[in-house]
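Enquirer: Take a look at this one; I'll ask things after.
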Amino acid sequence: MIYILEDSAGSETLHLKGELYKYLVKVRRHKIGDEICFRTRDNLLNLHTYKLQTIDSRDAVALLVSSIEKDVKSEKSLHVGWCVVDSKSIEKVLPSLCEIGVERISFINCDRSQNSFKLDFERFKRILEASMQQSGRNSYIEFDTYKNIKEFIIKFPETKVFDFCDKTLSNSADFKTVLVGCEGGFSRTEKELLSSLEVFRLDTPMVLRSESAVLAVCSKMLL
């Protein structure tokens, strides 16, 4: 755990109670003298370091050692246009996408997306927070939605497309926005719509699930 999200952090004295106390003292087994870092949700840039001063049976007290601005983010920027798939599949890879530095995900309703899939952005945010505290990242992935691929492409005309084709993604590739389809890929109508854009595949003979493709492409671009 690189830091803890605690909205009362920043004051000279931090009182650790309830679940926070249980986690830090009972689970993490922190002791008097240990230094622990915190950030607040309303100012994720500032990193506050505290030293544990006292530990009682139900609470603990920590004193502020330092507060500095520390921005932890990927050197590259990547925006993913992801045709909507099952939320469970999204949730499986969200922590990894957060850790490798994806900046933004636009969820797009495409021809083969199932209308029954509902996106819970509040739940996604909670998943991101757990990943951020583990990895040190201090910014959320931005989420938005588009009603179809055409709307997305009009907004982002420089988008590169992951699909079945002859061209493989090179190690020197450099782009800001990528579009990945849902299970079953793009429909014929969507392929015609995307025909003017650059299309690539990964150098593998296996067929990837949508979430595997998103993770693989993002890893190759950002790491």
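Each reported figure results from applying straightforward, stated rules to the coordinates on display, with no laboratory input. Computed from a predicted model, the values in this text were never measured in an experiment. We place every Cβ from the backbone using ideal geometry, glycine too, and count neighbours over all the protein chains shown.
Condition check ((1) under 16 Å from the mean Cα position of the chain (by Cα); (2) of a type in the set (Lys, Arg); (3) not in a helix (DSSP H, G or I)) across all residues:
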residue	(1), (2), (3)
Ser113	no, no, yes
Glu129	yes, no, no
Gln133	yes, no, no
Ser139	yes, no, yes
Val178	yes, no, yes
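Enquirer: Something else about it: So is Ile141 of a type in the set (Val, Ile, Thr) and surrounded by 15 or more Cβ atoms within 10 Å (Cβ to Cβ) or not?
Expert: Working: of a type in the set (Val, Ile, Thr): yes; surrounded by 15 or more Cβ atoms within 10 Å (Cβ to Cβ): yes.
Yes.
Enquirer: How do the pairs read when you match residues in segment 1-27 that are at positive phi with residues anywhere that are of a type in the set (Asp, Glu), using Cβ under 9 Å and keeping only pairs 6 or more apart or on different chains?
Expert: Gly18/Asp59
Enquirer: Same structure, new question: Pull up segment 163-206, narrow it to residues that are farther than 24 Å from Arg104 by Cα and in contact (Cβ under 8 Å) with a residue 40 or more places away in the chain, then point me to the one that is surrounded by the most Cβ atoms within 10 Å (Cβ to Cβ).
Expert: The selected residue is Ser187.
Enquirer: Select from segment 110-137 the residues that are more than 30 Å from Thr189 (Cα to Cα) and either hydrophobic (A, V, I, L, M, F, W, C) or touching a residue at least 60 places away in the same chain (Cβ under 8 Å) (or both) and list them in ascending order.
Expert: Hits for segment 110-137 are Phe124, Ile127, Leu128, Glu129, Ala130, Met132, Gln133, Gln134, Ser135, Gly136, Arg137.
Enquirer: Quick check on segment 148-162: of everything there that is assigned to a loop (DSSP other than H, G, I, E, B) and more than 22 Å from the chain's Cα centre (by Cα), which residue is surrounded by the most Cβ atoms within 10 Å (Cβ to Cβ)?
Expert: Restricting to residues being assigned to a loop (DSSP other than H, G, I, E, B) and more than 22 Å from the chain's Cα centre (by Cα), the top hit is Asn148.
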